[in-house]
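These notes concern the structure reproduced below.
The values are calculated or read from the model by the stated rules, or taken from the named source; none is laboratory data. Please read all numbers here as calculations on a predicted model, not as lab measurements. For neighbour counting, all protein chains shown are included, and Cβ atoms are generated from backbone atoms with ideal geometry for every residue, glycine included.
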């Protein structure tokens, strides 16, 4: 029996529970994704570069949402060209670990007392995620528009301005007690709560995984990111190829192999994903490069890196080799890009299990 912290009316109480989450996700602000396949002309109407993620004001978010109906693309592969669901990198990873791999997971964060907040909590709970560490607060829930072009590339515009979120001083030892991993996404605006979470996690013997978020975040906040990485408190770091390039920009060796070497100086596991070219990873002195798995058709790249992390973390907690962790990650990353949004459909989980079987990887003990 483990101790699980439940929050009610702002006060912590302890209730015995047979299953303390093995893996926790920290997402300070709950987030609702509005994901749609759109034509090229819409990208001319929104600020920022294509393919990345930058914050927008509520007025801009509402403008993009109002324009979607005129620009949405029908899809022969998906009856619904637009989906609304619980989102955010960490939520995608945790939901994938729970629903696709059967790992006992929980979420730490806050959601608003609105329809979006209720949707977020319900979606995560339905996926088997322990939501007792989510705080319900008065105010709006964050939202993000995820625009997908005809080639499956995604551009994200989150609106977090007035959204409720958990603060660093609200975190307790009970939030982390008994868990083995904490999953986080780098965000300069959440640095205080990230640092507080790391401090408590380390006190509780919890390992820390960090995703580098986006190439804009790395570019604009590289110094605090490097300070965080070089602290030695990050056990596992995920970066995609664009983020890896930004991390070492100006140093003459801005390529994935160099990024893996840099990250491995401070992190026990360093992983750089390379899209259709697979990934490269390092643990100790071991370096592996694994190709992408299967013939996955990229309908939407949203969540590809998040679900790769789900598979890789599953491999770690199951004691798989570095190469096997990468292979499982490639299978799960390939599963989510076959349909719209960062949530894997039951059909695509089955596709992933078949890919794992073909590669000689043991399947999760779960029935979907």
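Test residue 234 against the criterion of being farther than 19 Å from residue 27 by Cα, surrounded by 21 or more Cβ atoms within 10 Å (Cβ to Cβ) and modelled with pLDDT of 95 or more, and give yes or no.
No; evaluated as a whole, the condition is false for this residue.
Residues of segment 15-59 that are buried (at least 16 other Cβ atoms within 10 Å of the Cβ) and in a helix (DSSP H, G or I): 42, 43. For residue 363, the conditions (1) touching a helix residue (DSSP H, G or I) at 6+ places or on another chain (Cβ under 9 Å); (2) assigned to a loop (DSSP other than H, G, I, E, B); (3) touching a residue at least 40 places away in the same chain (Cβ under 8 Å); (4) surrounded by fewer than 24 Cβ atoms within 10 Å (Cβ to Cβ) all hold with the exception of (3).
Among the numbered conditions (1) in a helix (DSSP H, G or I); (2) without any contact (Cβ under 8 Å) to a residue 60 or more places away in the chain, the only one that residue 217 does not meet is (2).
When residue 272 is tested against the conditions (1) assigned to a helix (DSSP H, G or I); (2) without any contact (Cβ under 8 Å) to a residue 40 or more places away in the chain; (3) surrounded by 22 or more Cβ atoms within 10 Å (Cβ to Cβ), the lone failure is (1).
Yes or no, residue by residue, for (1) more than 22 Å from residue 56 (Cβ to Cβ); (2) free of Cβ contacts under 8 Å to residues at least 12 places away in the same chain; (3) surrounded by fewer than 22 Cβ atoms within 10 Å (Cβ to Cβ):
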residue: 105; (1), (2), (3): yes, no, no
residue: 109; (1), (2), (3): no, no, no
residue: 113; (1), (2), (3): yes, no, yes
residue: 116; (1), (2), (3): no, no, yes
residue: 127; (1), (2), (3): yes, no, yes
residue: 133; (1), (2), (3): yes, no, no
residue: 141; (1), (2), (3): no, no, no
residue: 161; (1), (2), (3): no, no, yes
residue: 165; (1), (2), (3): no, no, no
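Among the residues of segment 190-204, none qualifies, meaning not one is touching a helix residue (DSSP H, G or I) at 6+ places or on another chain (Cβ under 9 Å) and under 29 Å from residue 357 (Cα atoms). Check whether at least one residue in segment 179-195 is assigned to a helix (DSSP H, G or I), more than 25 Å from residue 23 (Cα to Cα), in contact with a strand residue (DSSP E or B) (Cβ under 9 Å, 6 or more places away or on another chain) and at pLDDT 95 or above, and report yes or no. The answer is no; no qualifying residue exists. Taking the criterion of being in a loop (DSSP other than H, G, I, E, B) and surrounded by fewer than 24 Cβ atoms within 10 Å (Cβ to Cβ), the residues of segment 338-360 that qualify are 338, 339, 345, 359, 360.
For segment 234-256, the candidate set comprises residues that are touching a strand residue (DSSP E or B) at 6+ places or on another chain (Cβ under 6 Å) and not in a loop (DSSP other than H, G, I, E, B); within that set, the residue that is nearest to residue 208 (Cα to Cα) is 236. In segment 286-293, is there at least one residue being over 24 Å from residue 101 (Cα atoms), without any contact (Cβ under 8 Å) to a residue 60 or more places away in the chain and surrounded by fewer than 15 Cβ atoms within 10 Å (Cβ to Cβ)? Within segment 286-293 (the criterion being over 24 Å from residue 101 (Cα atoms), without any contact (Cβ under 8 Å) to a residue 60 or more places away in the chain and surrounded by fewer than 15 Cβ atoms within 10 Å (Cβ to Cβ)), the answer is yes, since at least one residue qualifies.
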